[in-house]
Amino acid sequence: PPCPTQMQTLRSVKVHAPNLLKAALSDVRSDASPTDWALCALEPDGSSLRLVGKGEGGAEALAAQLSDDAVFYGLVRRTDQIDKSTTIKFVFLSFIGSALSTMKRAKVSTVKGAVSEVFAPFHAELMSATEPSEVTSATVDALLHEMFGAAKESPADSGASLRVGMREIKISGATPPAARLHSSTHSSAVAAPQALAAPAELKAALSD
């Protein structure tokens with residue numbers, strides 16, 4: 001294990017974040033801005049970060065800026081619309097180029113904590129991707145669903161399923177007959193007002 005001196009060195013590692021990067025991260029977090037991603041690279045000496053870019057287009061647009069010869073860190077904003085409610089989540093990601101030497105890869109671990117502080121707060125983290133193809137909106141959404149759960153619609157009249165962590169739990173629900181008479185389109189089993197039967201498995205999952 002590291003000696004006390006080594007531990008102190010790891011704790012005191014600092015990484016300089018330029019104002020341009022801080023402004024870009026603020027832009028991603030702003031409700032008034034369409035910017036939904038920002039990306040920076042770790043300088044070769046590991047002492048500072050360099051803004052690579054920011055913009056619209058989510059994870060795919062960010063991934064287009066990645067290369068296999070550097071270490072990158074980014075922030076992606078995801079917006080979900082459920083009925084009239086809008087939820088916003090931020091995902092921090094780290095990318096370690098596959099062409100980096102073992103020594104440079106090892107150095108990354110010493111600055112990880114300091115870099116995370118620059119990007120905090122965030123809801124979830126996509127850790128140590130090594131290929132741009134790993135950085136997609138689908139990957140980000142799957143990560144958020146693992147962290148916070150996700151509901152999805154099942155075939156008509158068969159209810160819906162709720163994902164809680166790694167569990168997928170069936171929710172049974174019936175739309176009142178009067179509501180069916182006044183509705184000309186099929187509504188989501190998750191979104192429609194209805195009576196829900198909470199299975200024992202769901203109660204157990206929520207109490208874990």
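Values in this text are rule-based calculations from the coordinates and carry no lab data. A quick note: this is a predicted structure, and the numbers were derived from the prediction, not measured. Virtual Cβ from ideal backbone geometry, glycine too; neighbours counted across all protein chains shown.
Observations on the model:
- Distant-in-sequence amide H partners of residue 52 (H built 1.01 Å from N, under 5 Å): 39, 40, 41
- Computed over segment 35-132, the P(r) tail beyond 21 angstrom holds 31 percent of alpha carbon pairs.
- Taking amide hydrogens as placed 1.01 Å from N in the peptide plane, the amide H of residue 57 sits under 5 Å from those of 36, each at least 5 positions away in sequence or on another chain.
- Applying the Karplus relation 6.51 cos²θ - 1.76 cosθ + 1.60 with θ = phi - 60° to segment 56-61 yields 3J(HN,Hα) values of 9, x, x, 4, 5, 5 Hz, where x marks Gly and Pro.
- Here the label points at residue 31 and residue 19, each 7 Å from Cα along the C-beta direction, are separated by 2.8 nm in the simple model.
- Counting Lys and Arg as +1 and Asp and Glu as -1 over every other residue whose Cβ lies under 15 Å from the Cβ of residue 128, the net charge comes to 0.
- For segment 68-76, backbone phi angles converted through the Karplus equation (6.51, -1.76, 1.60; θ = phi - 60°) give residue-by-residue couplings of 8, 10, 8, 10, 10, 9, x, 10, 10 Hz, Gly and Pro being listed as x.
- Charged neighbours of residue 96, selected by a Cβ distance under 9 Å, balance to +2 (K, R count +1; D, E count -1).
- Per-residue extension of 0.36 nm, minus the Cα-Cα distance of residue 82 and residue 64, leaves a gain of 3.6 nm for this segment.
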